[in-house]
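Student: Below is a structure I'd like to ask you about.
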Ligand SMILES: NC(=O)c1ccc[n+]([C@@H]2O[C@H](COP(=O)([O-])OP(=O)(O)OC[C@H]3O[C@@H](n4cnc5c(N)ncnc54)[C@H](OP(=O)(O)O)[C@@H]3O)[C@@H](O)[C@H]2O)c1
């Protein structure tokens with residue numbers, strides 16, 4: 001038996017602490033060009049996805065919204081996430097309003113604080129910098145203050161659930177010591193080279209659903225080249241991407257693979273059933289020499305508690 005928590009394979013949704021169901025596989029949209037993401041979203045929903053992961057900072061929410069509309073699937077059947085960008089920590093609802101306008105929606109199912117790093121608001125600048133080139137952190141504002149403002153949003157009906165992204169255990173402990181609403185999810189980089197065992201255990205003990213971003217290892221999907229991942233895929237006559245997405249799902253973690261390639265989009269949603277031994281091997285893969293890696297690490301200039 002695996003020493004790590006596992007859930008029934010084939011399960012297609014997890015329950016959030018709001019009572020809502022979140023589909024276990026969602027389509028990622030970061031770095032999907034605006035002229036390709038509409039088709040990607042449309043084909044994903046038409047092939048059975050009900051969950052799309054967007055963000056204000058990706059700059060193409062309008063194209064994502066077009067894909068949602070083109071799918072023809074009723075809004076009530078979809079689960080749409082967006083994220084408050086760092087320059088909006090003092091006014092998260094204003095960022096959400098822009099996202100809703102871009103997406104052409106009245107509400108999102110999940111609203112996340114993208115990073116626990118407030119940046120100064122300087123006009124339309126997305127990443128304001130100091131003269132020395134470092135990021136212009138808003139040092140008079142804390143992520144906990146942002147969460148207090150986030151807590152007012154569900155009552156407006158513009159977001160059904162609120163959560164966080166890129167929060168470490170120390171950051172979560174600080175947040176939970178003050179929060180009136182427990183975040184519904186924590187979305188972080190998570191794949192077999194960065195399995196986040198401690199964070200998954202902590203979040204699951206608090207009823208926070210974990211979401212895996214960059215589940216394939218981000219651009220180019222480097223995790224899919226791993227020989228263990230490939231050998232497990234071969235044994236199941238499956239694609240390596242199905243192995244790592246199913247591994248996340250069997251740990252009770254939502255996976256958000258990004259693709260603009262319709263055949264991959266379709267395959268990525270199909271979960272396979274991994275054995276306890278395969279789960280254990282994937283859980284331990286990061287311990288091999290040189291395997292452990294964090295691929296998404298913007299130079300914020302603050303200690304994120306990782
Ligand atoms: N909250 C955050 O701070 C944060 C940070 C990063 C990402 N995210 C979210 O997580 C999503 C996923 O992460 P990601 O975009 O970094 O990377 P990813 O999903 O791990 O990997 C995407 C890459 O894998 C390729 N790919 C997809 N399916 C494949 C398959 N079946 N076989 C081979 N290659 C495949 C894609 O190529 P093609 O597109 O060319 O098919 C693309 O190059 C993002 O899009 C975003 O929604 C959130």
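The values are calculated or read from the model by the stated rules, or taken from the named source; none is laboratory data. The shown structure was predicted, so the numbers you read here are calculated from the model rather than taken from an experiment. Cβ atoms come from the backbone with ideal geometry, glycine included; neighbour counts cover every protein chain shown.
Student: Any idea how many residues of segment 38-56 are near the ligand (Cβ under 10 Å from one of its atoms) and either farther than 19 Å from residue 109 by Cα or modelled with pLDDT under 95 (or both)?
Tutor: Number of matching residues: 1.
Student: Kindly establish whether residue 238 is assigned to a loop (DSSP other than H, G, I, E, B), farther than 23 Å from residue 37 by Cα, more than 6 Å from the ligand (Cβ to nearest atom) and over 19 Å from the mean Cα position of the chain (by Cα).
Tutor: Taking the combined requirement at face value, the residue satisfies it.
Student: Applying the selection to segment 14-23, what residues are touching a strand residue (DSSP E or B) at 6+ places or on another chain (Cβ under 7 Å) and either within 17 Å of residue 108 (Cα to Cα) or modelled with pLDDT under 95 (or both)?
Tutor: 15, 16, 21, 22, 23
Student: Here's another thing I want to ask about it. Quick one: residue 2 ticks every box in (1) out of contact with any strand residue (DSSP E or B) (no Cβ under 8 Å at 6 or more places or on another chain); (2) at pLDDT 95 or above; (3) surrounded by 15 or more Cβ atoms within 10 Å (Cβ to Cβ); (4) part of a loop (DSSP other than H, G, I, E, B) bar one, so which box is it?
Tutor: Going through the list (1) out of contact with any strand residue (DSSP E or B) (no Cβ under 8 Å at 6 or more places or on another chain); (2) at pLDDT 95 or above; (3) surrounded by 15 or more Cβ atoms within 10 Å (Cβ to Cβ); (4) part of a loop (DSSP other than H, G, I, E, B), residue 2 breaks only (2).
Student: If we scan segment 276-292, do we find a residue that is in contact (Cβ under 8 Å) with a residue 60 or more places away in the chain, part of a loop (DSSP other than H, G, I, E, B) and crowded, with 21+ Cβ neighbours inside 10 Å?
Tutor: Among the residues of segment 276-292, not one is in contact (Cβ under 8 Å) with a residue 60 or more places away in the chain, part of a loop (DSSP other than H, G, I, E, B) and crowded, with 21+ Cβ neighbours inside 10 Å, which makes the answer no.
Student: Right, something else. Among the numbered conditions (1) surrounded by fewer than 22 Cβ atoms within 10 Å (Cβ to Cβ); (2) farther than 24 Å from residue 48 by Cβ; (3) at pLDDT 95 or above, tell me where residue 124 comes up short.
Tutor: Every condition holds for residue 124 apart from (3).
Student: Just to be sure, is residue 32 in contact (Cβ under 8 Å) with a residue 24 or more places away in the chain, surrounded by 23 or more Cβ atoms within 10 Å (Cβ to Cβ), within 20 Å of the chain's Cα centre (by Cα) and part of a loop (DSSP other than H, G, I, E, B)?
Tutor: Yes.
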